[in-house]
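S.K.: Shown below is the structure under consideration.
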């Protein structure tokens, strides 16, 4: 990945006006799909993504069921209207791969042994894409899973870091993803302090890699606070402490 | 009396620290007890647990459930119990041990679409739940309005010693059958009474974790002030969910029997 133009100006501002360690504005709304067992809408900058969780439910076809644990099925899909040029609604190679990595990033957080012979279906629908949709999708799916009341070891929060103009920046947007030096999405379990997804597109030296990882984890912790407050708001309203 | 500590948690939050026993919806991570569900924690000397506020119904042996007949094979009916497993009601449970698929017509006893109230006789991780209707107040439900609520709200709907459901039943002159799986049948002669009871149930579902709920339901149902019990305080309201969860865990039959007999048992 070779960068052709400068993406950070003299005052240190990025293409969308953020500084290098600034997250885009994140909003999460829980329980927006009535028919799902759990759901969430995330707005991650210009990304708008709905995650809906169904289950644990019966597995069809039956031969897919596992006798000792639950099956997780994940579908990441971009709507035809989510990008500036129409995207074919048929599942692309990229979507199939992202579905797989999202499933693998969520599985460590789920206690699948509690639901043998059942299935959990996670649907992630991108309504508007602006770079970092897999991270936003993971964060929304994690909230939707918690909303569905599935046993979880921890929440999963995700955020990307990367290299733009030889500087390590947090939360890469679409332009930085396409024109920048490197993009590193990270999914993280904030209480257990464990990484469940780490991908890297581009080149980083060991120092850059370490800084990038630290920054991404810092971004994940910020996202976690928003996930937490959105869930608290849905279930407990303004009450923060239990009245005795 | 033991001191009970409560707080609101989401998955991953620490419920308690120290050498406590992990009870339900928690796991032990080093020296901490960690929540696995969104809910209200309860920790005392016995251990720590989380009373969940969301989730589907996961069957347990001896639960009373309301189910719909889906189909039947030559030996059993398949029943939808609002869970990730389809339950089975063996034909021998109704016809007796001398049941013969060649002579007995299963369709005449229960047909597709019939609603039954049943007890989960056997269930473990390896097999689908087996139901029985061989108990008092169990069997086919002839009439009524079916409503579905979140199974996590069932203890709150029953209330402390059945107080909430008795209030609704008496004020609306209806008979309410509650399944642990969140399916409820409201029956009665008066259509307005049924509507009133359904509205009250929906309010309980939405506002299950809030304070003074029983009082608000009584106001909605126009129950006179004099009938309001002295235990209707904020503390007892908050405690209702937990206390009834305990009661239900240990004694579902007793609790459900009380409900099915319209509070007279």
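S.K.: Between the stretch A:179-236 and the stretch B:1-62, what's the alpha-carbon centroid distance in Å?
M.R.: Value for the Cα centre distance between the two parts: 28 Å.
S.K.: Order these peptides, B:192-199, A:119-126, A:12-19, by their mean beta-carbon neighbour count within 10 angstrom, highest first.
M.R.: Values: B:192-199: 18.0, A:119-126: 23.2, A:12-19: 14.8.
Those peptides, ordered most packed to least, come out A:119-126, B:192-199, A:12-19.
S.K.: Any idea what angle helix A:93-106 forms with the longest principal axis of chain A, computed on alpha-carbon atoms, 0 to 90 degrees, nearest 10?
M.R.: 70
S.K.: Helix A:206-236 sits at what angle to the longest principal axis of chain A, using alpha carbons and giving 0 to 90 degrees rounded to 10?
M.R.: 40
S.K.: Further question: Just checking the output field for B:10-21: average partner chain Cβ neighbours within 10 Å of each residue's Cβ? Let's see the in-between values first.
M.R.: Working: counts 16, 17, 14, 4, 1, 0, 0, 0, 0, 0, 0, 0.
The shielding value for this peptide is 4.
S.K.: How big is the stretch B:1-97 along each principal axis, measuring the range of its Cα positions in Å and listing the largest first?
M.R.: Sorted largest first, the three principal extents are 54, 26, 24 Å.
S.K.: Now, a different point. Sorted from fewest to most neighbouring beta carbons within 10 Å, what does the list A:50, B:147 look like?
M.R.: On the way: A:50 21, B:147 16.
In order of increasing Cβ crowding within 10 Å: B:147, A:50.
S.K.: May I pose another question? So what is the calculated 222 nm ellipticity per residue for the protein assembly as shown, using -39500 (n - 2.57) for each DSSP H run with n of 4 or more, over all residues, to the nearest 500 deg cm²/dmol?
M.R.: Details: 12 runs with 139 residues, N = 509.
For the protein assembly as shown, the value works out to -8500 deg cm²/dmol.
S.K.: Follow-up question, since we're still on this one. Counting other C-beta atoms within 10 Å, which of A:175, B:36, B:126 has the fewest, and how do the rest follow?
M.R.: Numbers: A:175 16, B:36 29, B:126 9.
Fewest to most other Cβ atoms nearby, the residues stand as B:126, A:175, B:36.
S.K.: Rounded, prolate or oblate: which fits the stretch B:8-52 when a ≥ b ≥ c are the square roots of the eigenvalues of the alpha-carbon gyration tensor, with rounded for a/c under 1.5 and prolate only if a/b beats b/c?
M.R.: Working: a/c = 1.90, a/b = 1.31, b/c = 1.45.
Taking the square roots of the gyration eigenvalues as a ≥ b ≥ c, the stretch B:8-52 is oblate.
S.K.: Treating the stretch A:83-181 as a set of equal point scatterers at the Cα positions, no solvent, please give the Debye-formula log₁₀ I(q)/I(0) at q = 0.12, 0.14, 0.19 Å⁻¹.
M.R.: Scattering profile of the stretch A:83-181, log10 relative to I(0): -0.48, -0.64, -1.02.
S.K.: Just round it to a whole percent: the fraction of Cα-Cα distances in the stretch B:64-140 exceeding 19 Å. Present the calculation step by step, with values, prior to reporting the outcome.
M.R.: Values: 815 of 2926 pairs.
Looking at the stretch B:64-140, the distances longer than 19 Å represent 28 percent of pairs.
S.K.: Something else now. Compute the relative contact order of chain A as a whole-number percentage, counting only Cα pairs closer than 8 Å that sit 6 or more residues apart in sequence. Please report the intermediate quantities before stating the final value.
M.R.: Numbers: 552 pairs, mean separation 53.9, N = 244.
Computed value for chain A: 22 percent relative contact order.
S.K.: Continuing with this model, one more query. Which of A:68, B:128 has the fewest other C-beta atoms within 10 Å, and how do the rest follow up to the most? Present the calculation step by step, with values, prior to reporting the outcome.
M.R.: Numbers: A:68 10, B:128 20.
Ordered from fewest to most neighbouring Cβ atoms within 10 Å, A:68, B:128 come out as A:68, B:128.
S.K.: Working from Cα positions, state the angle (0 to 90°, nearest 10) between the long axis of helix A:133-147 and the longest principal axis of chain A.
M.R.: That works out to roughly 30 degrees.
S.K.: Using only Cα atoms, what Kirkwood radius does the protein assembly as shown have, in angstroms? Could the numbers behind the result be given before it?
M.R.: Working: mean 1/r = 0.0400 Å⁻¹.
By the Kirkwood definition, the hydrodynamic radius is 25.0 Å.
S.K.: Follow-up question, since we're still on this one. Rounded, prolate or oblate: which fits the stretch A:26-236, taking a ≥ b ≥ c as square roots of the Cα gyration tensor eigenvalues, rounded meaning a/c under 1.5, else prolate when a/b beats b/c? Please report the intermediate quantities before stating the final value.
M.R.: On the way: a/c = 1.61, a/b = 1.45, b/c = 1.12.
Since a/c reaches 1.5 and a/b is larger than b/c, the shape of the stretch A:26-236 is classed as prolate.
S.K.: Using only atoms on other chains, find how many Cβ atoms lie within 10 Å of each Cβ of peptide A:151-160 and report the average. Mind showing how you got there, number by number?
M.R.: On the way: counts 10, 8, 7, 8, 4, 2, 0, 0, 0, 0.
Shielding by partners across A:151-160 averages 4.
S.K.: Using a Debye calculation, one point per C-alpha and no hydration shell, please list log10 I(q)/I(0) for the stretch A:1-146 at q = 0.09 Å⁻¹ in order.
M.R.: Once normalised to I(0) and log-transformed, intensities are -0.34.
S.K.: Relative contact order for the stretch A:6-94: what is it in percent, counting Cα pairs under 8 Å that are at least 6 residues apart? If you can, show how the numbers build up before the last one.
M.R.: Numbers: 82 pairs, mean separation 11.4, N = 89.
Once normalised by length, the contact order is 13 percent.
S.K.: Let me ask something else about it. How would you rank B:165-171, A:136-142, A:158-164, highest first, on the average number of other Cβ atoms within 10 Å across their residues?
M.R.: The packing order, highest mean first, is A:136-142, A:158-164, B:165-171.
S.K.: Average partner chain C-beta neighbours within 10 Å, per residue of A:115-125? All intermediate terms of the calculation are to be shown ahead of the outcome.
M.R.: Numbers: counts 5, 5, 6, 5, 1, 1, 0, 0, 0, 0, 0.
Whole-number average of other-chain Cβ neighbours for A:115-125 is 2.
S.K.: How far is the Cα center of the stretch B:121-199 from the Cα center of the stretch B:100-119, in Å?
M.R.: Cα centroid to Cα centroid, the span is 21 Å.
Since every read-out is calculated from the coordinates, none of them should be taken as a lab result. Just so you know, these numbers come straight off a predicted model, no measurement behind them. Because the Cβ atoms are built from the backbone with ideal geometry, glycine has one as well, and the counts that use them run over all protein chains shown.
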